[in-house]
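Please read the structure below before turning to the comments.
The values are calculated or read from the model by the stated rules, or taken from the named source; none is laboratory data. From a predicted model like this one, the values you see are computed outputs, not experimental measurements. Here Cβ is always computed from backbone atoms with ideal geometry, including for glycine, and neighbour counts include all displayed protein chains.
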Amino acid sequence: MRSFRKNGQYCVRTYTRFRQFPARLPRINIFESLIYLSTVNLEPLNRERLRLIYSPRWTKPVLAMPGETVPMVLADSCPRDISVRVGDGVDSVALRMGECPPVKGTADFRGLNVRLPDDLAAGLYDLHLVSGTAPIASEPNCLWVVPEDRARITFAHISDLHVGNPRPSDREHRIDNLFRYLDCDVKPAFILNTGDLINRYIHTNGAKEILRPDIVCDHIHRAREIILRYRIPHFLTPGNHDVAFPYIYREWRRMMGGPWDKPNDDYAFSPGGMRFIGLDRSVMYDGDHQAYDNRLSAARHRWLRTELESLPANRPALIFCHYDYHGELKWYLQRYPVLKVCYGHTAKSCLDPEHADRDGGLCPYICQVFEWSANDGLRLCAKMKLADFETAHANAQT
Ligand SMILES: [Fe+2]
């Protein structure tokens, strides 16, 4: 599958002949793929200044060590006389500016390399763009400075927060309590969030009522606001509620960020002796609320296989995604050292019984905590439900 631009929109060309991989090829409906991607109008993102900072972003922080050079991707419309600062507004530190390499394949964005101070303490930081003396853009919680490759890490997996869901009535308080609990008690190195952060519909008299765009946008803002109250590195992959309609796509990208160079948000990172691979399992729906084809494209299969094949011998992987709708991960679980697949969406497992030991399905829970070390492997430490964080319960704990 290859993307191209036509009339200002990204489209996709699907090849009917594939090269060997995967063994069982995904069924791809050419016309549905064209319709889907032609609705995802990516090119005008820059012109309408949805963002000035496209990378790093708070939903996919960049990992760096003190003294390292950090690559950024900015909108090309960004002023040329900018400087970059790291940290809170008052206490921020100016970074040494490096090269501005062109971003491969597009004139809408440009690169900027910045060098971190050698004595920058470990932590999660904001980045600020300053033009002259005036701040013009900030990206919160997007730079994760790690002192070294840690041998033991604790991380949390959350999913299906569904901000905006009217039930339970104190849902947002519970979600806030969950984050406060993680921040104060668990202190995970980072959070994996497998999506369905918001709702695309609510149930009214037993029927699905599609939410108005302004309501969904409000939910996007509220979800972002809750999560950013806390300084925990947050790695988000969207689910089938999150970017469900074209008119939601733009606000999602503005508030949550997303890839600038491809239509999907697959990515990977290595904070310790483990490779974490996030797959974008968002689903686009038409006006009749019918889902467009959401199978992984051949290009995405190739990317995933390359990721897994390039793992060093002693480095296993963990895949996190909203759900494996079509059993497409089975092929990989049979061949590669994937320790766990963390997902949400429903309590029904999406893995085969033969891979039950890799099953990291979360529903009906809302959070699980893992500890990983090369010596002891991956260990599940705790699972929590949203009911564990109801306001009265949280008050009783404090
Ligand atoms: Fe879902």
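Considering A207, A223, A244, which residue is more than 22 Å from L178 (Cα to Cα) and crowded, with 22+ Cβ neighbours inside 10 Å? Please lay out each step first, then the result.
On the way: A207 fails: crowded, with 22+ Cβ neighbours inside 10 Å; A223 fails: more than 22 Å from L178 (Cα to Cα).
After applying the criteria, what remains is A244.
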Let me spell it out: the conditions are (1) in contact with a Gly (Cβ under 9 Å, 6 or more places away or on another chain); (2) surrounded by 13 or more Cβ atoms within 10 Å (Cβ to Cβ); (3) among the acidic types (D, E), and D108 meets all of them except one. Which number is the exception?
(1)
Please state which of the following conditions N141 fails to meet, knowing it meets all the rest: (1) in the same structural domain as M72 (by TED's automatic domain parsing); (2) farther than 16 Å from I226 by Cβ; (3) surrounded by 19 or more Cβ atoms within 10 Å (Cβ to Cβ); (4) in contact (Cβ under 8 Å) with a residue 60 or more places away in the chain.
(2)
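Quick one: how many residues across segment 337-349 are away from the ligand (no atom under 16 Å from the Cβ), part of a strand (DSSP E or B), of a type outside the set (K, R) and over 23 Å from A298 (Cβ atoms)?
From segment 337-349, those away from the ligand (no atom under 16 Å from the Cβ) are 337-340; that's our starting set.
Within this subset, residues satisfying the condition of being part of a strand (DSSP E or B) are 338-340.
Narrowing the set further to residues that are of a type outside the set (K, R) leaves 338-339.
Add one more test, that the residue is over 23 Å from A298 (Cβ atoms), and what stays is 339.
Looking only at that region, the number is 1.
For the condition away from the ligand (no atom under 16 Å from the Cβ) and either assigned to a loop (DSSP other than H, G, I, E, B) or of a type outside the set (G, A, S) (or both), what is the one hit in D185, D196? Even if it seems obvious, please write down each step before you answer.
Working: D196 fails: away from the ligand (no atom under 16 Å from the Cβ).
Just a single option satisfies the conditions, and that option is D185.
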Is there a residue being among the charged types (D, E, K, R), under 20 Å from V369 (Cα atoms) and at pLDDT 95 or above anywhere in segment 145-154?
no
Going residue by residue through segment 309-331, is there one that turns out to be more than 16 Å from the ligand (Cβ to nearest atom), touching a residue at least 24 places away in the same chain (Cβ under 8 Å), in contact with a Pro (Cβ under 7 Å, 6 or more places away or on another chain) and of a type in the set (V, I, T)?
no
Is it the case that segment 162-179 has a residue that's buried (at least 17 other Cβ atoms within 10 Å of the Cβ) and among the hydroxyl-bearing types (S, T, Y)?
no
I'm trying to understand the selection: among the residues of segment 332-344, which are under 21 Å from S159 (Cβ atoms) and either without any contact (Cβ under 8 Å) to a residue 12 or more places away in the chain or among the hydroxyl-bearing types (S, T, Y) (or both)?
Y332, Y343
Consider L63 against the criteria (1) in a loop (DSSP other than H, G, I, E, B); (2) modelled with pLDDT of 85 or more; (3) surrounded by fewer than 19 Cβ atoms within 10 Å (Cβ to Cβ): it satisfies all of them except one. Which criterion is unmet?
(1)
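Residue by residue, here is whether (1) of a type in the set (A, V, I, L, M, F, W, C); (2) more than 16 Å from the ligand (Cβ to nearest atom); (3) over 13 Å from the mean Cα position of the chain (by Cα) holds:
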residue	(1), (2), (3)
S169	no, yes, yes
D176	no, yes, yes
I191	yes, yes, no
G206	no, yes, yes
R212	no, yes, yes
I226	yes, yes, yes
G258	no, yes, no
For segment 77-92, name all the residues that are in contact (Cβ under 8 Å) with a residue 12 or more places away in the chain, surrounded by fewer than 15 Cβ atoms within 10 Å (Cβ to Cβ) and not small (G, A, S).
P79, D81, D88
Might you check whether a residue that is in contact with a strand residue (DSSP E or B) (Cβ under 9 Å, 6 or more places away or on another chain) and under 30 Å from E209 (Cα atoms) occurs anywhere in segment 294-311?
yes
Could you please find all residues in segment 123-164 being assigned to a loop (DSSP other than H, G, I, E, B), of a type in the set (V, I, T) and more than 29 Å from Y343 (Cβ to Cβ)?
T133
Count of residues meeting criterion [under 22 Å from H234 (Cα atoms) and part of a strand (DSSP E or B)] in segment 279-336
6
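Which one is nearest to the ligand (Cβ to nearest atom), of the residues in segment 360-373 that are part of a strand (DSSP E or B) and under 20 Å from the mean Cα position of the chain (by Cα)? First the steps, then the outcome.
Just the residues of segment 360-373 that are part of a strand (DSSP E or B), to begin with: 360-361, 367-373.
With under 20 Å from the mean Cα position of the chain (by Cα) added as a condition, the list becomes 360-361, 367-370.
On the way: G360: 16, G361: 12, C367: 16, Q368: 17, V369: 21, F370: 21 Å.
The residue in question is G361.
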